[in-house]
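What follows is one structure encoded as structure tokens, with my remarks underneath.
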Amino acid sequence: MGRRSHRLLGSLLALSLLAAACGDDDGDDAAADESAGGETTTTTAPDYELEEPLRIVAVISEPGGSDENAVPDYVDGIEMAIAEINDAGGLGGHPIEFEAVETPAVGDEITNSLNLALEKDPDVLLGPVSSTAVLAMAEGVDAAGVPMIHNTTEPKVLRDGEAGSPWIFGNRPPNDGAARIAARYAVEELGAEQIGQLYVNTAFGQSGNEAQDAEIEELGAEVSAERSFEFNATDLTEAVLAMEDVDVVLDWGTPATVGLAVNTLAQQGLADVPHIGPGSVGFSFFADIVGDETLLEGVLGVVDCNPADDDREGVAAWHDAFVEENGYEPSYGAAQMYDAVHIVASIVNEARAADPETIREGLESLDGHEGICATYSNDNNVLQHSSVVVRFEDGSLVTEKTYDDLS
Amino acid sequence: MPGSEVGTAPVAAEPAARPARGARPPVYRQRQLHGVAAVAVLVVALALGVDSAFSYGLLHSWLVYSIVGLGFYLVFSLSGQFAFSQGAFFGLGAYASVWASEGRSFAWGLAAAVALTALVALAFAALVVRSDHFYFAIATLAFSHIALIVFRELEWFTAPGGEIVGIPKPDLFGHRFATGQDLALFLGAFLVAALLLTALIERSPLRREAVAFRDNRQVAATVGVPVLRLRLGMFVLGSTYAGVAGCLFAHKSGFISTESFALELGIDIFLIVLLGGAGSMWGPVLGAAFVVWMPEQLRFVGEYRALIYGALLVVVVVAFPGGLVGLVEAVGRWLRRGRGPGRPVGTGGRA
Amino acid sequence: MERFVSLFVTGVAQGAVFAVVALGFLLIYKATGVINFAQGDLVTLGTYIAIWAASDLEMPLLGAYAVAVAALFVVGVLIERFAYAPIRDRSIHVVVISTLGAALVIRAVIVLWRGTAPTRLRGPLGFEVVEVLGARIPKQNLLIIGVTAVCVAAVWLLFHRTQFGRQVRALAADRMAAQMQGIRVARMSMLTFGLAGGLSALAGVLIAPTRAVSIDLGFGPMLYAFAASILGGMGSIGGVVVGALAIGLVQQLGGGYISPDYAEVYPFVLMLLVIALRPQGVFGSEAGARL
């Protein structure tokens, strides 16, 4: 553990991180652990030269752009990682080149954004962060032959999905896996027998709901109330009243509807019914939406990771550095996009090449890369396979249980 | 022109107000067919001339939005109906086409899009056709809203959540229009066909009747214009244009979701026609170019993009009453005046 | 029974907010004959100004609400000056696109100023509830109903008991004649746009504590206020209020007793039925004056 911690701490100093990341990618965890630390730090990283600098282009919705629900976490995470690497001398003798192309979440402009990004001749694309955007881009990315690491849970872009491609990778655990975790936690840890389900009637909510149904049946519990609503629902009185006699409420809604459900449950005297939401619970604005810290007490969420409370050492240091630099609590999305840059950097260091095909192969064979959010390995073009159940306590997120075996 | 009556905007731009010269009715001086030919040449030139995926993307969007804009021109400018429903019919055409063409050729999808949008438009119009303009406008707004929810809920027709991926590019007689250039020519052919049909209407008695109805329905009814049939007909035809455009949109994009057809699209279509110039059939073509091209040009201003786009809209509308077409014509007149004794200026032309 | 009471009160409260927005439409419509499509975004802007005053300026909540209402009066006047007055004599279509453009500008300003992450406006009563016939009713809902009742009464008095109201009604009845009688049209339209702005802010601070605040906050209330105006026939204050309550109730009770999946559809289906069966609305016959 000590060595690993040393290594993760080192990630704040890019030089040692480069070396460590390099060590990661031989695909052997034990070997990586052994070689970690100062020993390899100075030997591999600097002594090769890339012909061309690594070019990263992000296609992400940014605040102020046409996607009105964008948050800054993703690009801030990317820029933090790139700044670290470049401050320490760059990659293969060059600083990493980075550009961000603003991408709306819907409409024809998504395709325009992708085409613009491709004109910038990227070696790898980071983003998008919305399911609709990644679906709209899938065909173009596949045709262009540039690897993409998107930050969505969209099941259709799995390698064997309808829109899957060898070039498209996701660094969030799949939606149905996280939804199953919510059900499993409710039954196994909270002892629920009668379960209530709330979900938004989009593809996200519907697929999450189906996965939960299957898991609940498997575990021998029962769904006793089920309500769906529009993604922009503004009143959940009816849906919450239906939850009167359940042991646990599983809520696969949008940030706004989950917040609304928290308020409505409290108003209907159901505040002490455990309420498990999806990943959006882990974004810093979620507490703002609920508006009252006391209502948040006991609200649970299945998030990708919880940088605010993670005893893998180095994570706390990263969390503090992020808060210092950006002035807000990093979401798991910030950690994942930070990790994405380091995954790409480690692939480049390992292969000593930064062309799209090399990066694609590196992602395909990724195995056991230790990052801030998780340990990343490729399976079906999904890089992360863990989820964390968190609970609000005194306004911050406390880690309850980590699940590492999401399929 | 005090805008105190329904549909007076297009009136200001009504070319029939010009003093008649020669024996033929004024519509024949509009040279619509020359215009259609010019657009056809332009489309071919652009399709052969541009080379980046980005430019082709903009070109495809422009062609599709021009068609849906032309449909709205028929509904709005020619029969004075204030409809926000074009976006919903665009979506209906898209889903109908994907549904019907699965495992078959594109032609099936196109036929289904035309048939279904025409039928639904007819049924909807029959329901609300007697209502006043403001009511009609809000009814179409409501229709769009309902349509979106139905697209999401009616999974056997659309897909879970209304998301469909991997829609094949259009094909005809065994040829698939998959490259940017092929697709631009294919979509361009549809735009030219839509323009031709519109030009025929512009040159037919149908236009005179429609304009008469638009400007004063009571008088029109008394002089024997079949008001109800006309209004229904224009609404159904314009909505069918939207259905065809939606069908093309689905197959050119390869991916659709209900968000593509949200109310914002209805408002965009509205802007396409008004910005371009509601008084002319060329307005939607120019307006679509603006709506597709301008936001991309404003990327460099970063987070101020939305602000500038909104302000630009107000300025264009306030400063150029005839829309972009009016602007182009004003520039044309100014150039002619510069060249000495030209034609008389401002004979009631497009405001 | 509890369920019915709960749904009923929620429906009335939601309808009350729609009524406040619809009163704004009605005022402008009567005085100028146009519809302000920026109204929904004015609701949103008013809410964000209240959030700013309450959190950044640390003003007491009611003071923050007052700031929002006053600020939105000014914004309403500005919209009249820049997006309506210059094109007053042009067609209604130009006015509509101009107010749509103003709406886009307002949205963009909010995003630049307050960011995009959803947030929250506190209500004066927090999340307290009161039991009525066994149902737990949020006090905020009762507050909404009470404030709306006062507001409707005030607008009614303004319409029927003041010089201003007489002039507005004169304009609505016959614009030309009213102008010839010396009614100052420019001042009237500025005032009504300002008042409608204030009403938007009021609707915003009333409804915001019941939900998350995001850039789309005002869009739904605007759509439902349109529908309410239709049901009410765009004529009388009473008609619009009854229309708005009907919309709120149909949405809640339809969602509760028919199928929640289509809860948003019911108000519009009701509206389409009204349009089909009674094209002049249930309560009025003044529609279509200009549009």
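The values are calculated or read from the model by the stated rules, or taken from the named source; none is laboratory data. Model, not experiment: these values are computed from the prediction. Counting neighbours? That spans all protein chains shown, and the Cβs are built from the backbone with ideal geometry, glycine included.
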Query raised in the report: Residues B:Ser131, B:Ser61, B:Ser66, B:Ser85: which one is touching a helix residue (DSSP H, G or I) at 6+ places or on another chain (Cβ under 7 Å), within 14 Å of another protein chain (Cβ to nearest Cβ) and at pLDDT below 90?
Result: B:Ser131
Requested in this report: Name, by its number, the condition in (1) under 25 Å from B:Ser131 (Cα atoms); (2) over 19 Å from the mean Cα position of the chain (by Cα) that does not hold for B:Glu264.
Outcome: (2)
Query raised in the report: Which condition number does B:Ala113 fail, the rest of (1) crowded, with 22+ Cβ neighbours inside 10 Å; (2) touching an Asp or Glu at 6+ places or on another chain (Cβ under 9 Å) being met?
Result: (2)
Report task. State whether the residues of region C:163-176 include one that is among the hydrophobic types (A, V, I, L, M, F, W, C), in contact with a Ser or Thr (Cβ under 8 Å, 6 or more places away or on another chain), in contact (Cβ under 8 Å) with a residue 12 or more places away in the chain and farther than 27 Å from C:Gly233 by Cα. Result -> no
Query raised in the report: Any idea which of (1) over 21 Å from the mean Cα position of the chain (by Cα); (2) farther than 17 Å from B:Gly109 by Cβ; (3) crowded, with 18+ Cβ neighbours inside 10 Å is the one B:Ile164 doesn't satisfy?
Result: (2)
Report task. From the list C:Ile215, C:Ile230, pick out the single residue that is β-branched (Val, Ile, Thr), within 10 Å of chain A (Cβ to nearest Cβ) and either part of a helix (DSSP H, G or I) or in contact (Cβ under 8 Å) with a residue 60 or more places away in the chain (or both). Result -> C:Ile215
Report task. Looking for whichever is farther than 26 Å from B:Leu200 by Cα, touching a residue at least 12 places away in the same chain (Cβ under 8 Å), within 16 Å of the chain's Cα centre (by Cα) and away from chain C (no Cβ under 12 Å) here; the options are B:Gly71, B:Gly91. Which one fits? Result -> B:Gly91
Query - Output for region C:19-51, where each listed residue is among the aromatic types (Phe, Trp, Tyr) and at pLDDT 95 or above - result: C:Tyr48
**Report entry** Hits in region C:1-33 (condition: under 16 Å from C:Ser236 (Cα atoms) and not in a helix (DSSP H, G or I))
**Finding:** C:Gly33
Query raised in the report: What are the residues in region B:129-145 that are in contact (Cβ under 8 Å) with a residue 12 or more places away in the chain, of a type in the set (Val, Ile, Thr) and either buried (at least 21 other Cβ atoms within 10 Å of the Cβ) or not in a loop (DSSP other than H, G, I, E, B) (or both), if any?
Result: B:Thr140
Query - Candidates A:Ala179, A:Ala214 - the one that is under 30 Å from A:Thr234 (Cα atoms), buried (at least 23 other Cβ atoms within 10 Å of the Cβ) and either over 18 Å from the mean Cα position of the chain (by Cα) or touching a residue at least 12 places away in the same chain (Cβ under 8 Å) (or both) - result: A:Ala179
**Report entry** Lone unmet requirement of (1) surrounded by fewer than 18 Cβ atoms within 10 Å (Cβ to Cβ); (2) assigned to a loop (DSSP other than H, G, I, E, B); (3) without any contact (Cβ under 8 Å) to a residue 60 or more places away in the chain for C:Ser55
**Finding:** (2)
Query raised in the report: Which helices (runs of 4 or more DSSP H) sit wholly inside region A:126-236 and have at least 3 residues that are more than 13 Å from every other protein chain (Cβ to nearest Cβ) and of a type outside the set (Lys, Arg)?
Result: A:175-184, A:203-218
Report summary line: Across region A:277-293, the tally of residues that are closer than 14 Å to A:Ala266 by Cβ and facing chain C (nearest Cβ under 9 Å) stands at 4
Report summary line: The residue that is modelled with the lowest pLDDT, considering only those in region A:139-163 that are within 19 Å of the chain's Cα centre (by Cα) and farther than 21 Å from A:Val71 by Cα, is A:Pro155
Requested in this report: Kindly indicate which of C:Phe159, C:Phe82 is assigned to a helix (DSSP H, G or I), aromatic (Phe, Trp, Tyr) and either closer than 23 Å to C:Leu62 by Cα or away from chain B (no Cβ under 11 Å) (or both).
Outcome: C:Phe159
Report task. Using the structure shown, decide if C:Ala170 is among the small types (Gly, Ala, Ser) and either surrounded by 15 or more Cβ atoms within 10 Å (Cβ to Cβ) or within 23 Å of the chain's Cα centre (by Cα) (or both). Result -> yes
Query raised in the report: Can you name every residue in region C:251-285 that is modelled with pLDDT under 85 and under 20 Å from the mean Cα position of the chain (by Cα)?
Result: C:Glu264, C:Gly281, C:Val282, C:Phe283, C:Gly284
Query raised in the report: Only one of (1) surrounded by 18 or more Cβ atoms within 10 Å (Cβ to Cβ); (2) away from chain B (no Cβ under 14 Å); (3) outside any helix (DSSP H, G or I) is not met by C:Val130, so which one is it?
Result: (1)
Query raised in the report: Just wondering, is there one or more residues in region C:45-53 that are within 12 Å of another protein chain (Cβ to nearest Cβ), over 23 Å from B:Ile267 (Cα atoms) and aliphatic (A, V, I, L, M)?
Result: yes
Report summary line: The residue from B:Gly188, B:Gly109, B:Gly180, B:Gly166 that alone is touching a residue at least 60 places away in the same chain (Cβ under 8 Å), over 30 Å from B:Leu42 (Cα atoms) and either within 14 Å of chain A (Cβ to nearest Cβ) or of a type in the set (Gly, Ala, Ser) (or both) is B:Gly166
Query raised in the report: How many residues does region C:88-125 hold that are farther than 30 Å from A:Tyr328 by Cβ, assigned to a helix (DSSP H, G or I) and in contact with a Gly (Cβ under 9 Å, 6 or more places away or on another chain)?
Result: 7
